[in-house]
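The values are calculated or read from the model by the stated rules, or taken from the named source; none is laboratory data. Everything numeric in this text was worked out from a predicted model, so none of it was measured. A quick note on method: Cβ atoms are made from the backbone with ideal geometry, for glycine too, and the neighbour counts reach across all protein chains shown. SASA here: full protein model, heavy atoms, side chains in, ligands and nucleic acids out. Shrake-Rupley method; radii C 1.70, N 1.55, O 1.52, S 1.80 Å.
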Amino acid sequence: MTSARAFAKLTLSLRVLGPRDDGYHELEALTVSIGQPHDTLDVIPQPDPGVSLAVETDDPDVPTDGENLAYRAAAALLESAAAEAGIALSLTKRIPAGAGLGGASADAAATLIAARAALALEVDDARLDELAAELGSDVPFCLRGGAAWMRGRGELLEAVELPLGVPMLLAVPPFRCATPAVYRAWDDLGGPRSQRRVPAPAAVASLLPELVNDLEPAAEVVDPRLTEFRERLEAVAGRPAVLAGSGSAYVVPVDDARSLPDVAIEVSERFGAAVVPTATVSRGVRLS
Ligand code: C5P
């Protein structure tokens, strides 16, 4: 059996440069992998071809069939490698769906890496990158992880140096955002540039002095509960927050990791929301 941890991805800053002819949007995003939350994946080789998937989740909306991106990643990889064997996937979900944290993309990336290792498939990294880009805009980043500028649709990656363990607080409201709806709202609003700028943590300031997310005004129009959630979160944490990707999670940069658990408990009690102390990690997938 091969096991992997699939780490959530977090856009520290997200500029949407404009719509593209293919229906996607041109992006420039500083994106990092974070240690919490993460999903776990076990891959067991099978003598017969094909993919099976078991999902442990408390979210009834997470697909457990061939629609699941981990399943689709496994099927695409086996087909690409013309594999004669099959695999059984067992996925434990902890990254909330619809939070803008790339959970499905992280699972797909972990599947590509763990299944290649489990079956010793002769698929090189370049082919894995291609498969990742076909599966979704965030999968190429999750495959590598760490810290990178994401450009294009998300598949053009420029790795950047960032210290590990940059502390943050992640707050996930008890409602979710649909990514396509948020991008559509961004179009309908005429392509807003967010004017809300959040001072970057000291470790990030040399790359980017302020964090900003152009999808935030769009997401807060799609679901006005987000604005209230953010304002109350900021009041309790005593610091500004910025939306993660297309939402619904917000990130609060903090300078001192030691203060995190206390703030997390206070904020989660006030909101009934999941509040997770987290920090940057060096990759998107870790085999164990
Ligand atoms: O690529 P992925 O399937 O993850 O994208 C989900 C949706 O997010 C797309 O259907 C599109 O509406 C939106 N999207 C976008 N531009 C991007 C990435 C995603 O418009 N660069």
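At-a-glance table
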{"item": "Unmet criterion (only one of (1) within 18 Å of the chain's Cα centre (by Cα); (2) at pLDDT 95 or above) for residue 61", "result": "(2)"}
{"item": "Failed item in (1) at negative phi; (2) touching a residue at least 24 places away in the same chain (Cβ under 8 Å); (3) within 15 Å of the ligand (Cβ to nearest atom); (4) not hydroxyl-bearing (Ser, Thr, Tyr), with residue 118 passing the rest", "result": "(3)"}
{"item": "Options 67, 84: the member that is in a loop (DSSP other than H, G, I, E, B), open to solvent by 30 Å² or more (accessible area, probe 1.4 Å), over 15 Å from residue 101 (Cβ atoms) and within 16 Å of the ligand (Cβ to nearest atom)", "result": "67"}
{"item": "Residue count, the range 4-41 (criterion: in a strand (DSSP E or B) and free of Cβ contacts under 8 Å to residues at least 60 places away in the same chain)", "result": "2"}
{"item": "Any hit, the range 135-153, residues being polar (S, T, N, Q), open to solvent by less than 50 Å² (accessible area, probe 1.4 Å) and over 20 Å from residue 5 (Cβ atoms)", "result": "yes"}
{"item": "Filtered residues of the range 1-39 (kept if among the β-branched types (Val, Ile, Thr) and farther than 30 Å from residue 118 by Cβ)", "result": "11, 16"}
{"item": "Residue match in the range 87-106 (condition: of a type in the set (Gly, Ala, Ser), away from the ligand (no atom under 16 Å from the Cβ) and open to solvent by 10 Å² or more (accessible area, probe 1.4 Å))", "result": "yes"}
{"item": "Condition met for residue 252 (modelled with pLDDT under 95, touching a Lys or Arg at 6+ places or on another chain (Cβ under 8 Å) and on the phi < 0 side of the Ramachandran plot)", "result": "yes"}
{"item": "Condition broken by residue 164, with the remaining ones in (1) in a helix (DSSP H, G or I); (2) within 30 Å of residue 201 (Cβ to Cβ); (3) open to solvent by 20 Å² or more (accessible area, probe 1.4 Å) satisfied", "result": "(1)"}
{"item": "Top-ranked residue in the range 136-161 [being in a loop (DSSP other than H, G, I, E, B) and away from the ligand (no atom under 15 Å from the Cβ); ranked as nearest to residue 22 (Cα to Cα)]", "result": "145"}
{"item": "Odd one out for residue 122, checked against (1) of a type in the set (D, E, K, R); (2) part of a loop (DSSP other than H, G, I, E, B); (3) open to solvent by less than 10 Å² (accessible area, probe 1.4 Å)", "result": "(3)"}
{"item": "Condition met for residue 143 (within 25 Å of residue 279 (Cα to Cα) and modelled with pLDDT of 95 or more)", "result": "yes"}
{"item": "Looking only at the range 10-37, and only at residues there that are within 15 Å of the ligand (Cβ to nearest atom) and under 11 Å from the mean Cα position of the chain (by Cα), the one that is nearest to residue 207 (Cα to Cα)", "result": "31"}
